[in-house]
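Heads up: the structure comes next, in C-alpha cells.
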Amino acid sequence: MNIEDKKIEDTRVEPTERTTHPAWVWLAVVLALVAWAVLAWSNGYVAMGVAAAAMAVGFVGTRHNSVAMKRLAVTAIIASTVLLVVVAAYLVVLKIGLK
C-alpha cells in the first residue's frame, strides 16, 4: 500500500469554547483606572489591593475569544502590575531604606 493509495481524511479540529463574558475585561479596565485614582487620592496600600484585584479579574478576562478583548485585558493587567510594582518598591524603600 503506497502513500498515494491512502485516503487522507479531513481532520478538522474545532477550537474549544473557552470564553468569558466581556464584562470581566471591562471590569479589569475599570479596576485598573480606579487603582490609579485611589493612589492619587488615598493610601498606597489600598491602591495596591485594588490593583491586585484588577490583575486577577484581568486574568479571567484573557479567556475571551475576541483578540481585541484579550489585548484590552492584557493592557489592564500591565497597568495594574506597573502600579503594584512601583508602589511596592516605593514602600519598601521608605520602610526599609530609611531605617
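Please verify whether K70 is at pLDDT below 95, in contact with a Ser or Thr (Cβ under 7 Å, 6 or more places away or on another chain) and either open to solvent by 80 Å² or more (accessible area, probe 1.4 Å) or charged (D, E, K, R) (or both), treating the condition exactly as stated.
Spelling it out, K70 is indeed at pLDDT below 95, in contact with a Ser or Thr (Cβ under 7 Å, 6 or more places away or on another chain) and either open to solvent by 80 Å² or more (accessible area, probe 1.4 Å) or charged (D, E, K, R) (or both).
The residue list K70, K99 contains one member that is of a type in the set (K, R) and part of a helix (DSSP H, G or I), which is K70. All conditions but one from (1) over 9 Å from the mean Cα position of the chain (by Cα); (2) at pLDDT 95 or above apply to S80; the one that does not is (1).
Residues checked against (1) open to solvent by less than 70 Å² (accessible area, probe 1.4 Å); (2) hydroxyl-bearing (S, T, Y); (3) touching a strand residue (DSSP E or B) at 6+ places or on another chain (Cβ under 6 Å); (4) outside any helix (DSSP H, G or I):
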| residue | (1), (2), (3), (4) |
| --- | --- |
| A52 | yes, no, no, no |
| V60 | yes, no, no, no |
| T75 | no, yes, no, no |
| T81 | yes, yes, no, no |
| V85 | no, no, no, no |
| Y90 | no, yes, no, no |
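Count of segment 59-99 residues, restricted to those that are under 15 Å from G44 (Cβ atoms), among the hydrophobic types (A, V, I, L, M, F, W, C) and in contact (Cβ under 8 Å) with a residue 12 or more places away in the chain, is 5.
Checking each residue in segment 1-34 for being within 14 Å of the chain's Cα centre (by Cα) and either at pLDDT below 60 or open to solvent by less than 100 Å² (accessible area, probe 1.4 Å) (or both) picks out T20, P22, A23, V25, L27, A28, V29, V30, L31, A32.
The values are calculated or read from the model by the stated rules, or taken from the named source; none is laboratory data. Everything numeric in this text was worked out from a predicted model, so none of it was measured. FYI the Cβ positions are ideal-geometry reconstructions off the backbone, even for glycines, and counts take in every protein chain you see. Side chains are part of the model used for accessible areas, which takes the heavy atoms of the whole protein and leaves out ligands, DNA and RNA. Shrake-Rupley method; radii C 1.70, N 1.55, O 1.52, S 1.80 Å.
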